[in-house]
1. Here's a check for you: in the stretch 12-70, which residue that is among the hydroxyl-bearing types (Ser, Thr, Tyr) and assigned to a strand (DSSP E or B) is farthest from residue 420 (Cα to Cα)?
2. How many of the residues making up the stretch 263-294 are under 21 Å from residue 166 (Cα atoms) and out of contact with any helix residue (DSSP H, G or I) (no Cβ under 8 Å at 6 or more places or on another chain)?
3. Given the conditions (1) in contact (Cβ under 8 Å) with a residue 40 or more places away in the chain; (2) part of a strand (DSSP E or B), which single one is not true for residue 115?
4. Only one of 195, 251, 199 is within 27 Å of the chain's Cα centre (by Cα), crowded, with 18+ Cβ neighbours inside 10 Å and closer than 30 Å to residue 438 by Cα. Can you tell me which?
5. Among (1) closer than 21 Å to residue 87 by Cβ; (2) surrounded by 16 or more Cβ atoms within 10 Å (Cβ to Cβ); (3) touching a strand residue (DSSP E or B) at 6+ places or on another chain (Cβ under 8 Å), where does residue 348 come up short?
6. Need pairs with beta-carbon distance below 6 Å; first residue not assigned by the TED database to the domain that holds residue 13 and within the stretch 60-79, second among the β-branched types (Val, Ile, Thr); sequence gap 6+ or separate chains.
7. Select from the stretch 58-91 the residues that are polar (S, T, N, Q) and crowded, with 17+ Cβ neighbours inside 10 Å and write down the one among them that is farthest from residue 366 (Cα to Cα).
Amino acid sequence: AAPVQVQLVVPMAVVFARGSVPGDLPRPLPFRDVQEMEISVNLRASVTSRYEMRYRSTTAQEEAALAAATAPEADAALYPLQDTTLGSLTMYVVPETSSLLPQGIHVYVGKHRSALVRAVGSLAALQARLREVTQVMSFTASSIAAALSHRVPDGQPGPDARRNLKSSLGYEITFSLLNPDPKSHTVDWDIEGAVNRFVRPVLDKLSLVANFSVDSQILYYAVLGVTPRYDKESSSFLLSAHSLPHVINPVEARLGSSAASLYPVLNFLLYVPERSHSPLYIQDKDGAPVSTNAFHSPRWGGIMVYNVEAPASPQASLPLHVDVDMARVMEVFLAQLRLLFGLSREEVPPEFLLESPGNEGVADWELDHLLWAHTVENIATVSTTLTSLAQLLDKIGNIVIKDDVASEVYRAVASVQSAVTELSLGHLLAAFQASKEAVTSSERAFFDPSLLHLLYFPDDQKFAIYIPLFLPMAVPILLSLAKIVRESRLRRKEPTKMD
């Protein structure tokens, strides 16, 4: 297979506020500059990142917006004035003495596609700082390597690659309430209200990336696969970190089959422990209690344990009525959802301040982060699928490829080429959409019913089918042929005897 060659182009504006221009600019503003970097993934894929930077001074409107009292206010005022194309970045360089950024903070990353950067003396130092910001806001070498490691052989997946979900055209999200002890607890949860209030805004933002469907269920008498250990000191029950993998299997059998689903299924489970095991706490590897009382499983989902307060009087009538605090629960589930999509904010230098995305749950630049990774992954997926298809068809000599299969293959190749071209032009959204079309077409071709049955129909199977049909007819024909051959030999020999 030909190596996957992709160039990721990020259009970037570097805007100098009054009093922030470095003294060693090579030429007067405005000017353009390009920075390229090779992202070494492996032998089968070459990815280059190219930052196309436009350096300019602020306009009067931007200067007015930067006069705001706080960084979030400045970010909101600058938003209507900037390029909001997906994948583009705007960096506002503010003077070193600016009070917009708190003490000790050099970079403020807003909710959209811009950041405020404190000026440093030289252009080289500023460019180094900008490079750090772009790594946070667009893509890192590790996020691209992780996207490719699922698909391209000899890729070394990092820890994120194993945790993050693979790129898909859709995802199904299931919220399940597990009540193993309905005799003791009647549990009410307003899942519909919680989904509309907390989950919908996030999924609306992510709707560019994929289609989402959400459903919920309540399961009674569903227990965890591990018996918790009783701890005398705290008079509570504990689940240790090493036993957590064994918790999921028995529960999963009750969740309903994800095998029937076209798309990856994400499970979020709220577990109300039975009365005999309450309260129940999760411990981390060091034996300390986990503050959220929840854990997540890579590419599968998450489980949160929700303890019910014991009644004040021991004579309280059972079952106890429990109203779940959905805000607390959804906060944990949304954090797990972000982790599964690779939107966690862990590797940020201490002098960076990231604005919380608010009730949308995902900042614009985080959405771009996802689109960059998924586009590269889709291109690699199509390359692998078409290569596998070509190798399979080579092995089957007498295969007939229908026109519609051929046209899907052509469409997939054209869409991949279009995605690569759009990436090299810095058009992230167009590239992502083309890569999605390419995946759809390549999978249609690969799983076409006219090819599928031939892939499982080798030559020895054909002989096994046809020999019983033709053998009864072939026996008399072969015997007659043998007789004819024998007689013709006798005829040839007879004249020699006459002499």
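1. Here the residue is 57.
2. 3
3. For residue 115, the failing item is (1).
4. Unique residue meeting the criteria: 199.
5. The number of the failed condition is (2).
6. That search, which allows pairs on different chains as well, returns nothing.
7. For the stretch 58-91, the residue satisfying everything is 58.
Table: residues versus (1) part of a loop (DSSP other than H, G, I, E, B); (2) under 30 Å from residue 429 (Cβ atoms); (3) basic (Lys, Arg).
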{"residue": "195", "(1), (2), (3)": "no, yes, no"}
{"residue": "215", "(1), (2), (3)": "no, yes, no"}
{"residue": "248", "(1), (2), (3)": "no, no, no"}
{"residue": "263", "(1), (2), (3)": "yes, yes, no"}
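The values are calculated or read from the model by the stated rules, or taken from the named source; none is laboratory data. Keep in mind the model is a prediction, meaning the values are calculated, not measured. Note that each Cβ is placed from the backbone with ideal geometry, even for glycine, and that neighbours are counted across all protein chains shown. Quick note on the areas: whole protein, heavy atoms, side chains included, nothing else; ligands and nucleic acids left out. Shrake-Rupley method; radii C 1.70, N 1.55, O 1.52, S 1.80 Å.
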